[in-house]
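Here's the structure we're looking at; comments come further down.
The values are calculated or read from the model by the stated rules, or taken from the named source; none is laboratory data. From a predicted model like this one, the values you see are computed outputs, not experimental measurements. We place every Cβ from the backbone using ideal geometry, glycine too, and count neighbours over all the protein chains shown. Each accessible area value is taken on the protein alone, full model and side chains, heavy atoms only, with ligands, DNA and RNA left out. Shrake-Rupley method; radii C 1.70, N 1.55, O 1.52, S 1.80 Å.
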Amino acid sequence: MKRSPAILKTRRGGGGGLGFAAIAYIGVDYLRFISPVWHDRLQPALWTILAIAAIIRVPFYKHWSLELRSAIPFIFAMLFLLSALLFEAISVRSVTAVLGLDWNNDASPLPDVGQWFLLSLNEKLPQTVVDILRARIIGLHHFLMLFIMLAFSVLFESVEAPGLGLGARYMFTMGIGRLLRAITFISTILPSARPWCASTRFLVPEHPHPWAQKYYVPYATDSNAIRNIINWDTAYADPGEYDPEFRPDWGSMSFLIDFLRPTAPEGSSAWYHLLKKASGGCNDLIYSGHMLVAVLTAMAWTEAYCGYSSALIWIFVIHSAQREIRERHHYSVDVVVAIYVGIMLWKMTGLFWPMKDRSKDTRLHRLEKIQGRLMRAAKDDDIEAIRELLKEVEVSNQVRENSSSKAMWLFSGGTIIFTLSMVLLAFTLTSDG
């Protein structure tokens with residue numbers, strides 16, 4: 001069966017408008033490093049143009065019924081992602097707190113071949129190339145905004161509807177990735193590539209938690225002790241004496257005290273200062289959350305839009321990956337694992353994700369129902385009867401689409417206002433996205 005020209009256009013890049021908007025967004029935002037004055041002028045103008053263009057297209061969008069069917073999965077995916085981020089935020093603080101600041105300050109970074117490789121390239125490549133590799137061209141918030149632009153492009157028919165379905169799949173996949181990430185990095189605690197990070201970002205006790213005092217510290221450096229615990233399979237050593245743990249009254253949330261290890265100056269809840277604003281961690285958190293976002297954005301863009309802009313976004317992913325290693329936010333293993341986990345998760349959710357346009361299947365089902373009548377009309381050369389039967393299929397579909405036009409208008413307006421509000425809040429109240 002041949003694909004329609006509109007679908008082929010979508011798969012090949014939709015005419016370039018979305019790609020141009022993405023490049024303009026990245027370029028204008030990078031002006032903050034080159035010419036802050038022009039950045040302050042052009043960025044508000046660009047956002048205003050994009051917002052007005054989206055609002056103007058709302059009355060002409062024909063797929064609000066698809067968006068409405070995607071609304072409930074979208075909400076559930078958003079709640080799932082928020083739950084995963086909460087679990088991750090608790091885990092991020094826990095892996096730093098459990099061993100205390102002394103261990104985090106003294107632990108040596110792991111040997112990283114990727115870091116060595118990039119340092120050697122600095123000595124061999126032209127300085128202009130090295131400067132480009134070092135440049136902060138794109139960050140986490142850029143990848144998030146690129147996906148938002150992709151989802152909104154359904155208004156311009158650049159990608160296949162529904163946009164909320166695409167957003168729901170993105171958030172659901174991100175939630176799975178975040179849960180897997182948290183489970184991974186809390187399983188084995190690795191030292192940070194930036195040893196000073198914990199003392200500057202976290203206010204936790206300097207000594208290890210009683211669990212670590214008993215089960216880790218006595219066997220951390222003594223090879224004979226390690227051999228004995230392997231042979232005996234029992235924690236036999238005396239952990240020594242440490243300062244008592246501070247235990248605030250958190251009521252029903254007191255079970256988190258052992259994981260978060262608050263100190264007296266910051267132990268009051270509300271709630272725990274909004275979980276310390278959910279800043280990033282300091283231990284090595286395998287795999288990289290930044291790279292997971294970047295890869296999922298690139299996968300969504302490649303699948304939904306394709307074209308030259310998809311190749312450019314993958315170049316941005318590679319650039320961001322080497323910067324994560326170069327600036328020692330992550331080890332190379334974190335970046336490599338995030339790339340293939342992101343690709344596999346997106347492919348996996350694509351196997352069962354239901355948010356597709358089923359209108360063609362519906363028409364085919366109705367045609368199958370009237371197939372016998374069509375055949376009889378064709379044998380009788382009754383063109384008028386064939387016309388009426390085909391009109392019946394189209395009319396029944398239009399009735400279903402337009403049966404609640406007022407509700408659709410309310411839904412469309414609410415969707416645009418809600419989404420734009422969430423975008424503004426996300427980039428105003430959060431750090432780097």
Checking the structure you have, find out if any residue of region 179-187 is of a type in the set (G, A, S), open to solvent by 70 Å² or more (accessible area, probe 1.4 Å) and modelled with pLDDT of 90 or more.
yes
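How about region 110-216: which helices (runs of 4 or more DSSP H) wholly inside it have at least 2 residues that are farther than 30 Å from G240 by Cα?
In region 110-216, the matching helices (runs of 4 or more DSSP H) lie at 113-124, 127-134, 140-152, 163-187.
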Does G175 qualify as being surrounded by fewer than 23 Cβ atoms within 10 Å (Cβ to Cβ) and touching a Gly at 6+ places or on another chain (Cβ under 8 Å)?
no
Please determine whether any residue of region 52-66 is open to solvent by less than 90 Å² (accessible area, probe 1.4 Å), in a helix (DSSP H, G or I) and touching a His at 6+ places or on another chain (Cβ under 8 Å).
no
How many residues, within region 112-148, are under 23 Å from the mean Cα position of the chain (by Cα), surrounded by fewer than 18 Cβ atoms within 10 Å (Cβ to Cβ) and of a type in the set (A, V, I, L, M)?
1
Restrict the check to region 159-170 and report whether at least one residue is surrounded by fewer than 23 Cβ atoms within 10 Å (Cβ to Cβ) and free of Cβ contacts under 8 Å to residues at least 40 places away in the same chain.
no
Does L81 qualify as being open to solvent by 70 Å² or more (accessible area, probe 1.4 Å), out of contact with any strand residue (DSSP E or B) (no Cβ under 9 Å at 6 or more places or on another chain) and under 27 Å from T184 (Cβ atoms)?
no
Which numbered condition A168 misses (of (1) in contact with a Leu (Cβ under 6 Å, 6 or more places away or on another chain); (2) closer than 24 Å to L292 by Cα; (3) of a type in the set (A, V, I, L, M)):
(1)
In region 30-63, which residues are hydroxyl-bearing (S, T, Y) and farther than 23 Å from F316 by Cβ?
T48, Y61
H329 meets each of (1) in a loop (DSSP other than H, G, I, E, B); (2) modelled with pLDDT of 85 or more; (3) open to solvent by less than 40 Å² (accessible area, probe 1.4 Å) with one exception, condition (3)
Identify all residues within region 41-76 that are more than 25 Å from A22 (Cα to Cα) and of a type outside the set (S, T, Y); write none if there are none.
L66, L68, R69, A71, I72, P73, I75, F76
Report yes if some residue within region 248-256 is in the same structural domain as F87 (by the TED database), small (G, A, S) and on the phi > 0 side of the Ramachandran plot; otherwise report no.
yes
